[in-house]
Amino acid sequence: MKKEMSSFDVRSIVTELAPLEGAHMDKIHHWGAGNVLFRLNVQGQGKKELLFQDRKWLYCPSGKPETPTMPTAFASFLRKYIDNARIGKARQVGFDRIVEIPLTKSDGDYSLIIEMFGGGNVLLVKDGTILNCLIQKTFRDRKTRPGEPYVMPKSRFDPTLSTEADFLASFRASDADAVRTLATSVNLGGQYAEEVCKRAGVEKSTPAAQVDDATVARMYEAMESIVQRVLADPEPTAYLKDGKIEDFAPVLLESRSDLEAKGFATMSEVVEEYLRETGEAIEDAYVDPAVEKLMKRISKQEETLLDYRLQEEEYRKKAEALYADYQKASELISVLDEQSKKITWEKLKEGAAKIPFVESIDPSKHLVTATFSDESMTLDWTKGVDANASDLYQKGKDIGEKAKRADEALQVSKDELAKLQKGIDREKALAAERAQPTKQFWFERYKWFVTTGGRLVMAGRDAHSNDNIVKKHLKDGDLYAHADVHGAPSVVVKDGAKASDEELRQACLFALAQSKAWIAALSEGGAFWVYPDQVSKTPNPGEFVPRGAFIVRGKRNYEYHLPMELAIGEIYHEGSRKVMCGPVDCFRDCEKYLVVRPGKPKSGRKANEIAKRFDVPEEEISRIVPPGDLEVIREVWPKPETDD
């Protein structure tokens, strides 16, 4: 199992953070052992999240995780300094597992630094000085503490910038075997050291000194191939064993050919899916900070109350002990009062020191500390025994009043905690009753459905995803579909070259239904499909292609009289239950589905009703239904079982 992110993983994540440049910091949340969530306002895209989980996993989650209602001291500090700060271009520091995000505010420039080594850390730096950090630590060559200068870890070999001569020099400087040399001296880490050996055809246990220059050159070429793929065209891939993710990387790894490879759109999706599968759910680490704060307050109040009661009892015992040794105390007080008027303070101290039960005296304040009936106490020799005993009783009484008030405050805190815990328990109970989300797949960032032939069809949700779906997912062997409506989404039919006519018509119908034609409540319409090489971003002379749009050249294969209706039904994809929205023909073998068309009811209200029917969160339905209003015109639903 993968225990941490590699430097290549970090570089891929940093590349994915490029669209966040120019965004503004909205909120910072911190909870658990080391989870920090940065919520960002991205112009034209709304809210986005960047999560540093368990101080070792950095990624952009698909949705906002549950966060504390009250900020911790660390979160409050960051909010105070960088709230609404403008975000610059994130960068990986060298080839280390460090991400630096520049921030700009009216009072100056800051750096948010996320370290994914040595236990992980988040630091806010200004003018080279650490303002605050998640974890305070002292290393051999640097300190991560507020007020200390921020010192970057000593830079190591950078495979992304090295020349073949640099590579050769570092490799030759090692006396270890090939794989260890690549992992340490060349700074590739174990995973990519083995991959380079595999691609170069080198036995990894071969001593570095026995590897000839020609073989070292092949190893450099293999490393360069990996580096260029990660930098220019990453292929986020998970490697599965028995259906579970065993490893992941931003490139296809030949050294992992024994495992099933599964592609993802982004590294963030891979990381999120891996953490979900391995049970490292961030919700499990969540502890309500309001409860923590109350528990600390109650603990301190209990300690204070106990201390008051002990003091009260102690003064009572002293007063009783004084009365029990009344004669001895009276004689001591009389002697000291009489002698203090006749001799100097020094002589008085010398004389008092000879009395066995006297511990010390303070002539300037007329005080003597002595032991009576095994109780040590301080008396004023200008007062009688009764007056001193009365003072002791009064001090005990005063402490008792403090104890009473402390006990009342403690009960208020306990009542407050009980009320808060009751609310949390009620919320947990309600959450347990709520519909649980189904398993999330990578393609759900787009509109999607599966054809009757089992082919995945995806449509963009907006201009950004329209661009993304074509650039990343339209490959040779696929097909492209589009409705004859302005602003319709780009649709990709995976493995579409082998699709049947029925499947192509389904894809065209989907392209039409997910367009503005649904909002316009048209009864039918047309759409077309073409091959990937007919789709281009290059405009004709004098024309401009806006974001999310493409130029289609050549013959278009039209499908006409497509009915404006879809079905929402329950299917199973890769063994997991899903609720899908697609052409009605795709549900002919399903036992549970609803047929919908454009209608008058508000789709928000209708989505809630449909979600309850399928026992899934409303968000899952809202994400798959077409834009605009809809109404249910027919349903196929199993009849409830009845007892004979």
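Within region 119-169, the residues that satisfy the criterion of being among the aliphatic types (A, V, I, L, M) and within 30 Å of residue 220 (Cβ to Cβ) are 152, 161, 165, 168, 169. Residue-level check: of (1) under 58 Å from the mean Cα position of the chain (by Cα); (2) surrounded by 12 or more Cβ atoms within 10 Å (Cβ to Cβ), residue 385 misses just (1).
Does region 442-456 contain at least one residue that is touching a Gly at 6+ places or on another chain (Cβ under 9 Å), modelled with pLDDT under 90 and either over 30 Å from residue 501 (Cα atoms) or not hydroxyl-bearing (Ser, Thr, Tyr) (or both)? Looking through region 442-456, at least one residue is touching a Gly at 6+ places or on another chain (Cβ under 9 Å), modelled with pLDDT under 90 and either over 30 Å from residue 501 (Cα atoms) or not hydroxyl-bearing (Ser, Thr, Tyr) (or both). Quick check: is even one residue across region 224-241 more than 27 Å from residue 273 (Cβ to Cβ), open to solvent by 10 Å² or more (accessible area, probe 1.4 Å) and either free of Cβ contacts under 8 Å to residues at least 60 places away in the same chain or among the aromatic types (Phe, Trp, Tyr) (or both)? Scanning region 224-241 turns up at least one residue that is more than 27 Å from residue 273 (Cβ to Cβ), open to solvent by 10 Å² or more (accessible area, probe 1.4 Å) and either free of Cβ contacts under 8 Å to residues at least 60 places away in the same chain or among the aromatic types (Phe, Trp, Tyr) (or both).
So for region 522-531 (the condition being touching a helix residue (DSSP H, G or I) at 6+ places or on another chain (Cβ under 6 Å), among the aliphatic types (A, V, I, L, M) and buried (at least 16 other Cβ atoms within 10 Å of the Cβ)), does at least one residue qualify? Explain how you work it out, then say what you get.
Residues of region 522-531 that are touching a helix residue (DSSP H, G or I) at 6+ places or on another chain (Cβ under 6 Å), as a first pass: 525, 527, 529.
Next, from what is left, pick out any that are among the aliphatic types (A, V, I, L, M): 527.
Next, from what is left, pick out any that are buried (at least 16 other Cβ atoms within 10 Å of the Cβ): 527.
Within region 522-531, one or more residues are touching a helix residue (DSSP H, G or I) at 6+ places or on another chain (Cβ under 6 Å), among the aliphatic types (A, V, I, L, M) and buried (at least 16 other Cβ atoms within 10 Å of the Cβ).
Inclusion of residue 107 among residues that are at pLDDT below 95 and open to solvent by less than 30 Å² (accessible area, probe 1.4 Å) is not warranted.
If you go through region 203-224 and keep only what is outside any helix (DSSP H, G or I) and within 14 Å of residue 167 (Cβ to Cβ), you end up with just 211. Could you pull out the residue among 627, 583 that is at pLDDT 90 or above, under 26 Å from residue 479 (Cα atoms) and buried (at least 16 other Cβ atoms within 10 Å of the Cβ)? Only one candidate qualifies: 583. The condition of being under 21 Å from residue 278 (Cβ atoms), loosely packed, with under 15 Cβ neighbours inside 10 Å and small (Gly, Ala, Ser) holds for only one of 32, 120, 63, that being 63.
Here residue 118 meets the list (1) assigned to a loop (DSSP other than H, G, I, E, B); (2) modelled with pLDDT of 95 or more almost entirely, failing just condition (2).
Just one of the listed residues (168, 182) is modelled with pLDDT of 90 or more, part of a helix (DSSP H, G or I), among the hydrophobic types (A, V, I, L, M, F, W, C) and open to solvent by 50 Å² or more (accessible area, probe 1.4 Å), namely 168.
Of the residues making up region 471-492, those that are out of contact with any Lys or Arg (no Cβ under 8 Å at 6 or more places or on another chain) and either closer than 18 Å to residue 556 by Cβ or crowded, with 24+ Cβ neighbours inside 10 Å (or both) number 10.
The residue that is most open to solvent (accessible area, probe 1.4 Å), among those in region 546-563 that are over 15 Å from residue 481 (Cβ atoms) and in contact with a strand residue (DSSP E or B) (Cβ under 6 Å, 6 or more places away or on another chain), is 561. Exactly one residue among 501, 495, 462, 425 is over 29 Å from residue 62 (Cα atoms), of a type in the set (Asp, Glu) and surrounded by fewer than 18 Cβ atoms within 10 Å (Cβ to Cβ), and that residue is 501. For residue 90, the conditions (1) more than 17 Å from the chain's Cα centre (by Cα); (2) open to solvent by 20 Å² or more (accessible area, probe 1.4 Å); (3) not charged (D, E, K, R) are fulfilled apart from (2).
From the list 338, 350, 331, the one residue that fits, being closer than 25 Å to residue 316 by Cβ, of a type outside the set (Val, Ile, Thr) and over 60 Å from the mean Cα position of the chain (by Cα), is 331.
Quick grid of which residues meet (1) at pLDDT 95 or above; (2) within 23 Å of residue 42 (Cβ to Cβ); (3) surrounded by 13 or more Cβ atoms within 10 Å (Cβ to Cβ):
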residue	(1), (2), (3)
57	no, yes, yes
69	no, no, no
155	no, no, no
158	no, no, yes
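Hey, could you check region 185-223 for residues that are acidic (Asp, Glu) and closer than 18 Å to residue 250 by Cβ and say which is surrounded by the fewest Cβ atoms within 10 Å (Cβ to Cβ)? Applying the filter and picking the extreme gives 194. Within region 134-152, if we keep just the residues that are assigned to a strand (DSSP E or B) and over 24 Å from the mean Cα position of the chain (by Cα), the residue that is farthest from residue 53 (Cα to Cα) turns out to be 149. As a summary of the residue check, residue 114 satisfies the conditions (1) closer than 30 Å to residue 82 by Cα; (2) open to solvent by 10 Å² or more (accessible area, probe 1.4 Å); (3) touching a strand residue (DSSP E or B) at 6+ places or on another chain (Cβ under 7 Å) except for the one numbered (2).
Among residues of region 612-635 that are of a type in the set (D, E, K, R), those with a Cβ under 7 angstrom from a residue that is assigned to a helix (DSSP H, G or I) and surrounded by fewer than 16 Cβ atoms within 10 Å (Cβ to Cβ), sequence gap 6+ or separate chain, pair up as 618/608. Contact map, region 62-88: first residue of a type in the set (Gly, Ala, Ser), second residue open to solvent by less than 20 Å² (accessible area, probe 1.4 Å) and not in a loop (DSSP other than H, G, I, E, B), Cβ cut-off under 6 Å, separation 6 or more or different chains; pairs are 75/28; 85/25; 85/103.
The values are calculated or read from the model by the stated rules, or taken from the named source; none is laboratory data. Fair warning: this is a prediction, and the values are worked out from it, not measured in the lab. So basically every Cβ, Gly included, is an ideal-geometry build from the backbone, and we count neighbours across all protein chains shown. In case anyone asks, the SASA skips ligands and DNA or RNA and just uses the protein heavy atoms, side chains included. Shrake-Rupley method; radii C 1.70, N 1.55, O 1.52, S 1.80 Å.
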